[in-house]
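To start, the structure itself, in structure tokens.
The values are calculated or read from the model by the stated rules, or taken from the named source; none is laboratory data. What you see is a predicted model; the values in this text were computed from it and never measured. Cβ: placed from backbone, ideal geometry, glycine included. Neighbour counts: every protein chain shown.
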Amino acid sequence: MAKILLVEDNEMNRDMLSRRLERKGYQVEMAVDGRQGVDKAKTMAYDLVLMDMSLPEIDGWEATRELRADPATKDLPIIALTAHAMSGDREKALEAGCNDYDTKPIELSRLLGKMEALLGGAAPAAEPGGA
Amino acid sequence: MTPRTSRRSAQAHRQAALLRLTTGIVSAHNEDDIYHAMVDGLHDEALGYSFLGAFIIEPDTGDRVLRASAGWPDAPESWRVHKGEGLSARAAEDGTLHYTADVTREASYLPSRVRGSEVDIPLRVDGETIGVLVVESDERDAFDDQDFEILSAAADQAAIAIARVRLIEAERRRADEHKALLDTLADLSSELELSRVLQAVIDRAVTQLGVSGGEVAIWDEERQDLVILASRSVGKDSTGTRLKLDEGAMGAVARSLEPLIIPSYHEWMGRSEKYSDITVHSVMAAPLLIGRRLVGAIATVHSDPERVFVEEDLRLLNMFAPQAAIAIENARLYTEAQRQRQYFESLVQNSPVAIVSLGLGHEIVSCNPAFERLFGYSTEEAVGRPLDDLISTADTRSEAEAYTREALDHAVHGIGRRRRKDGAFVDVEILGVPVVVDGEQLGLMGLYHDITELLEARREAEAANSAKSQFLANMSHELRTPLNAIIGYSEMLQEEVEELGQSALVPDLGKIHTAGRHLLALINDVLDLSKIEAGKMELFLEEFDVRKMIDDVAATARPLIDKNANRLEVRCGAEVGDMRGDLTKVRQMLLNLLSNASKFTTGGRIDLEVERDSNGDGAMIFRVRDTGIGMTPEQQARVFEAFSQAEASTARRFGGTGLGLAISKRFCEMMGGGIELESEAGVGSTFTIRLPANAAVAEPQT
């Protein structure tokens, strides 16, 4: 079962996305700011990180750069989540080292497609029933 | 009656008379002195010369006028003998001595106090008879050859003296004329104001010609008449009087362009009624010409009926006329230049822009009231001081001096900060230009426009704009966060209620979800548009594979296209290759066009075509064509304006923000391209985006 780290400061977004991903069979852990996100990613083993870009403490771009600088996490798949499909956000995320990028509000099927592409075999084999 | 003296003593008397005459003549200063010396010297009763008269011929009448006499204290003054009358007429006419032994027997004798004999000796100067010396005796036949000899000698001596005096007078007159001209010219340079100059000219002409008065008029080219600008002693002040062509003496010469002498003005046909109330006897007038161009007229008058104008006067007037004409012309040119100067002066004086002129040493030569107001220095305080001492500060000094130096060479333009006298700073737009007259560098001119308020307003506007942009950014973020929750939870709830078998709730949740999405799209578009308007929208240029991007766009648009049972045909060959541009924006535009096409087409066909412009710069052409409802020309005209869906009702029927095309148009322009529309109501629409394959906008620093 793929283990996902969701770094998101907004409580409702965190609640919503984590519940939907869990219903799809993912194991989801959460961090509420960039610093906590980096610390968790470095100490625990995750298959993928969903990283909000505008975060307190350190922002998503900076957090990504830190993870890429650490040999332990330099290959960890990271998908950037930004508020609006603005020019620049995508480029900045990819430049910082994110593997992919999606915009909020999350369209679940689109995000799942991107996640599965990065996880390969680690994607959940089957959906568990209920939340 | 005096008895004749002896022959010997007579001879001695004659010698004594000649000596007296010579002595008298030598000390004579003018013609009249000579005449007096001649008659007084010869007056000797012992010789029988009881009356002597010098009758001088008046050049213009030919009359002989008694200028000096001896032996007859009661002789009429200026006794005039008309031409051809009297005994002495013969000598005056043939230039030889005539002797009349008994005057009483001559019919032409004009009775005077003697009844004896008379000798008439002509006074000849330079071969011309200028008068007659008349010598009378109370006795009949009182003169002999000896007398003729001594009298002729006396007449010759007098003639020589007269010739000498005339020469000196002519010289003096020429010198006077010369001086008069010099005075006139001096007036020109000192008092170049037309009426004053003309007054000086007429004053001098009147004096020089010995006339009683005169006038000068200038020619009014526009009204085609003469205006009297200066007059002197014509019996009234005629200044300002206008004379038409042919009216009066000046009107006549203005027509003929030739000088004119009118011996009796009031009998002259061409006289002007404007002079009927004054005494004008004879008039001499001349046109004032520059080349053959009439600039005015001059006239002189004699009010004394005894005086008439002669050729000599005309000669003098003809010497004055060109000088007066030049005076008028110069004064006119000067007045014109003066007017122009005053015109420019008033421009400078009334200019709201501060103007200062500097000499070659950067010292202030003059400044206008706006300069005084702007910098607080009066002209008196400013003049003579180096400009940069006055208005620059320690930190702008070198910049200010650089402007000044440069402006001596060529025009400079810039914005800077300068200091007022009271120490306050002013932001100014500066323009410096060299002042060059006839190729000679005289200095420079500086113009200062106070832009303190303008800059302040701009700073405020920029601050306000920045605040607005920040507000919009914050606002959109703050709006999006709860919207995300609405959209996300409604979507999640749909999944959950379906799983729970409560499908009846799904459409309502779907409406919440759709409305949330629409609101979000609106917020995003408004944010985009305001960023574009604020100039904050940036381009992120990158090289990308066009076909890959098209596949992605087609896939994204697929659900929309299927919704209205439309068919999408994509034509994008591999040969289109890569392009350089803002990928996100190109995608956003194409999605917007496809979304529009799907919305306004039902059960039709939508084409997405991409090609390179084969002729020219190889620009990328993206075309979205539909078979939908199309647009009328009126709708087409407004389609790229913000908030302008073809009809207000359209938005309600078809959804959408109405901002997509306005944003697309601006995106295209930012990338150096454009968007065009062809449409026909009921047939369909075709939008064509044309973008340079290699966008030339500088990539912003990240």
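Anything in the stretch B:603-617 that is surrounded by 15 or more Cβ atoms within 10 Å (Cβ to Cβ) and in contact (Cβ under 8 Å) with a residue 60 or more places away in the chain? List them, or say none.
B:Gly604, B:Val610, B:Arg612
Looking at (1) closer than 30 Å to B:Arg332 by Cα; (2) among the hydrophobic types (A, V, I, L, M, F, W, C); (3) over 31 Å from the mean Cα position of the chain (by Cα), find the lone condition where B:Trp268 falls short.
It fails just one condition, (1).
Of all residues in the stretch B:582-609, count the ones that are within 60 Å of the chain's Cα centre (by Cα) and within 19 Å of B:Glu676 (Cα to Cα).
Selection size over the stretch B:582-609: 3.
What's the total number of residues in the stretch A:110-131 that are at pLDDT below 85 and outside any loop (DSSP other than H, G, I, E, B)?
Total meeting the criteria: 3.
Let me spell it out: the conditions are (1) more than 13 Å from chain A (Cβ to nearest Cβ); (2) in a helix (DSSP H, G or I), and B:Asn524 meets all of them except one. Which number is the exception?
Going through (1) more than 13 Å from chain A (Cβ to nearest Cβ); (2) in a helix (DSSP H, G or I) one by one, B:Asn524 breaks only (1).
Report, by residue number, each residue of the stretch B:527-569 that is outside any helix (DSSP H, G or I) and in contact with a strand residue (DSSP E or B) (Cβ under 9 Å, 6 or more places away or on another chain).
Once the filter is applied, which keeps residues that are outside any helix (DSSP H, G or I) and in contact with a strand residue (DSSP E or B) (Cβ under 9 Å, 6 or more places away or on another chain), the stretch B:527-569 yields B:Leu539, B:Leu541, B:Glu542, B:Glu543, B:Phe544, B:Asp545, B:Asn566, B:Arg567, B:Leu568, B:Glu569.
Just a yes or no: is a residue in the stretch B:443-455 more than 12 Å from every other protein chain (Cβ to nearest Cβ), among the aliphatic types (A, V, I, L, M) and in contact with a Leu (Cβ under 7 Å, 6 or more places away or on another chain)? Talk me through it step by step, then tell me what you get.
Here is the first cut: in the stretch B:443-455, the residues more than 12 Å from every other protein chain (Cβ to nearest Cβ) are B:443-455.
Next, only the ones that are among the aliphatic types (A, V, I, L, M) stay: B:444-445, B:447, B:451, B:454-455.
Next cut, in contact with a Leu (Cβ under 7 Å, 6 or more places away or on another chain) only: B:444, B:447.
Among the residues of the stretch B:443-455, at least one is more than 12 Å from every other protein chain (Cβ to nearest Cβ), among the aliphatic types (A, V, I, L, M) and in contact with a Leu (Cβ under 7 Å, 6 or more places away or on another chain), which makes the answer yes.
Regarding B:Arg255, is this residue without any contact (Cβ under 8 Å) to a residue 12 or more places away in the chain and surrounded by 14 or more Cβ atoms within 10 Å (Cβ to Cβ)?
In short, yes.
Going through the stretch B:426-458 one residue at a time, which ones are assigned to a helix (DSSP H, G or I) and among the acidic types (Asp, Glu)?
Of the stretch B:426-458, the ones assigned to a helix (DSSP H, G or I) are B:452-458.
Hits for the stretch B:426-458 are B:Glu453, B:Glu456.
What is the residue count in the stretch B:94-141 for residues that are small (Gly, Ala, Ser) and under 14 Å from B:Leu52 (Cα atoms)?
Adding up the residues that qualify gives 5.
The rows are residues; the columns are (1) out of contact with any Pro (no Cβ under 8 Å at 6 or more places or on another chain); (2) more than 20 Å from B:Trp219 (Cα to Cα).
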site: B:Arg315; (1), (2): yes, yes
site: B:Asn318; (1), (2): no, no
site: B:Ala324; (1), (2): yes, no
site: B:Ala331; (1), (2): yes, no
site: B:Arg339; (1), (2): yes, no
site: B:Ser351; (1), (2): yes, yes
site: B:Gly359; (1), (2): yes, yes
site: B:Glu363; (1), (2): no, yes
site: B:Ser366; (1), (2): yes, yes
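Would you pick out the residues in the stretch B:576-602 that are in a strand (DSSP E or B) and either surrounded by 19 or more Cβ atoms within 10 Å (Cβ to Cβ) or of a type in the set (Lys, Arg) (or both)?
The answer is B:Met579, B:Arg580, B:Gly581.
Outside any helix (DSSP H, G or I), more than 12 Å from every other protein chain (Cβ to nearest Cβ) and surrounded by fewer than 16 Cβ atoms within 10 Å (Cβ to Cβ) - does that describe any residue in the stretch B:459-466?
Within the stretch B:459-466, none of the residues are outside any helix (DSSP H, G or I), more than 12 Å from every other protein chain (Cβ to nearest Cβ) and surrounded by fewer than 16 Cβ atoms within 10 Å (Cβ to Cβ).
Can you name the residue in the stretch A:29-61 that is within 27 Å of B:Gln494 (Cα to Cα) and within 14 Å of another protein chain (Cβ to nearest Cβ) and is also nearest to the chain's Cα centre (by Cα) among such residues?
A:Leu50
Condition check: assigned to a helix (DSSP H, G or I), surrounded by fewer than 16 Cβ atoms within 10 Å (Cβ to Cβ) and not aromatic (Phe, Trp, Tyr). Does B:Gln349 satisfy that?
yes
Six or more apart or on different chains, Cβ under 8 Å: which pairs go from a residue in the stretch A:99-121 that's away from every other protein chain (no Cβ under 14 Å) to one that's modelled with pLDDT under 85 and surrounded by 16 or more Cβ atoms within 10 Å (Cβ to Cβ)? Could you list them?
From the stretch A:99-121, the pairs are A:Met115/A:Ala123; A:Glu116/A:Ala123.
Of the residues that make up the stretch B:543-564, is at least one more than 14 Å from chain A (Cβ to nearest Cβ), at positive phi, exposed (fewer than 15 other Cβ atoms within 10 Å of the Cβ) and touching a residue at least 24 places away in the same chain (Cβ under 8 Å)? Don't jump to the end; show me each part of the working.
The initial filter retains those residues of the stretch B:543-564 that are more than 14 Å from chain A (Cβ to nearest Cβ), namely B:545-548, B:550-551, B:554, B:561-564.
Remaining after also requiring at positive phi: none.
Looking through the stretch B:543-564, none of the residues is more than 14 Å from chain A (Cβ to nearest Cβ), at positive phi, exposed (fewer than 15 other Cβ atoms within 10 Å of the Cβ) and touching a residue at least 24 places away in the same chain (Cβ under 8 Å).
So is A:Ile4 away from chain B (no Cβ under 11 Å), assigned to a loop (DSSP other than H, G, I, E, B) and under 23 Å from A:Lys92 (Cα atoms) or not?
no
Can you pull out the residues in the stretch B:419-446 that are β-branched (Val, Ile, Thr), touching a residue at least 40 places away in the same chain (Cβ under 8 Å) and either over 17 Å from B:Ala370 (Cβ atoms) or surrounded by fewer than 17 Cβ atoms within 10 Å (Cβ to Cβ) (or both)?
Residue satisfying the conditions is B:Val435 alone.
Yes/no per residue for (1) part of a helix (DSSP H, G or I); (2) loosely packed, with under 15 Cβ neighbours inside 10 Å; (3) among the charged types (D, E, K, R); (4) without any contact (Cβ under 8 Å) to a residue 60 or more places away in the chain:
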| site | (1), (2), (3), (4) |
| --- | --- |
| B:Pro122 | no, no, no, yes |
| B:Val132 | no, no, no, no |
| B:Glu139 | no, no, yes, no |
| B:Gln146 | yes, yes, no, no |
| B:Ser152 | yes, no, no, yes |
| B:Ala158 | yes, no, no, no |
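Are any residues in the stretch A:75-98 over 20 Å from B:Arg517 (Cα atoms), within 11 Å of chain B (Cβ to nearest Cβ) and at pLDDT 80 or above, and if so, which ones?
Result: A:Lys92, A:Leu94, A:Glu95, A:Ala96.
Among the residues of the stretch B:483-505, which ones are away from chain A (no Cβ under 11 Å), out of contact with any Leu (no Cβ under 6 Å at 6 or more places or on another chain) and surrounded by 12 or more Cβ atoms within 10 Å (Cβ to Cβ)?
Result: B:Glu498, B:Gln502, B:Leu505.
For residues in the stretch B:577-590 being under 15 Å from B:Leu659 (Cα atoms) and modelled with pLDDT of 90 or more, which is nearest to the other protein chains (Cβ to nearest Cβ)?
B:Met589
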